[in-house]
Amino acid sequence: MLRERFSDLLTIIVPRHQERGPDIEMLCGARAAKRRAAGGGLSSQTQIYIADTMGELGLFYRLAPFCLSAAR
């Protein structure tokens with residue numbers, strides 16, 4: 001629903017365990033997803049960016065205007 005209102009929306013997913021990156025990419029289905037660990041570069045068509053690398057969480061916090069965290 002957000003993409004309908006914000007056509008240039010980029011969702012960044014940072015998994016707690018980086019080895020889950022491929023599984024998350026698979027769950028994205030037909031959505032244009034890129035994985036950082038696989039060298040996936042961003043383009044204007046990218047809808048979901050999976051930041052499955054170590055030590056870069058601070059970078060993504062600085063880049064994102066807001067953040068949601070899943071509590072367990």
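The values are calculated or read from the model by the stated rules, or taken from the named source; none is laboratory data. As the structure is a prediction and not an experimental result, all values here were calculated from the model. No Cβ is skipped: glycine too gets one built from the backbone with ideal geometry, and neighbour counts run over all protein chains shown. Heads up: the accessible areas ignore ligands, DNA and RNA and are worked out on the full protein's heavy atoms, side chains in. Shrake-Rupley method; radii C 1.70, N 1.55, O 1.52, S 1.80 Å.
Over all other residues within a Cβ to Cβ distance under 12 Å of ILE13, the charged ones net out to +3, with Lys and Arg as +1 and Asp and Glu as -1. In a DSSP loop and with at most 10 other Cβ atoms within 10 Å, the chymotrypsin sites (Phe, Trp or Tyr not before Pro) in region 25-72 are PHE66. Protein heavy-atom accessible surface, 1.4 Å probe, per residue over the chain: 81 Å².
With a cut-off of at most 16 other beta carbons within 10 Å, and DSSP calling the residue loop, which GluC sites (Glu not before Pro) in region 1-62 qualify? Please list them. Qualifying residues, ordered by number: GLU56.
Counting protein heavy atoms only, the chain has 55 percent of its accessible area on carbon and sulfur, 1.4 angstrom probe.
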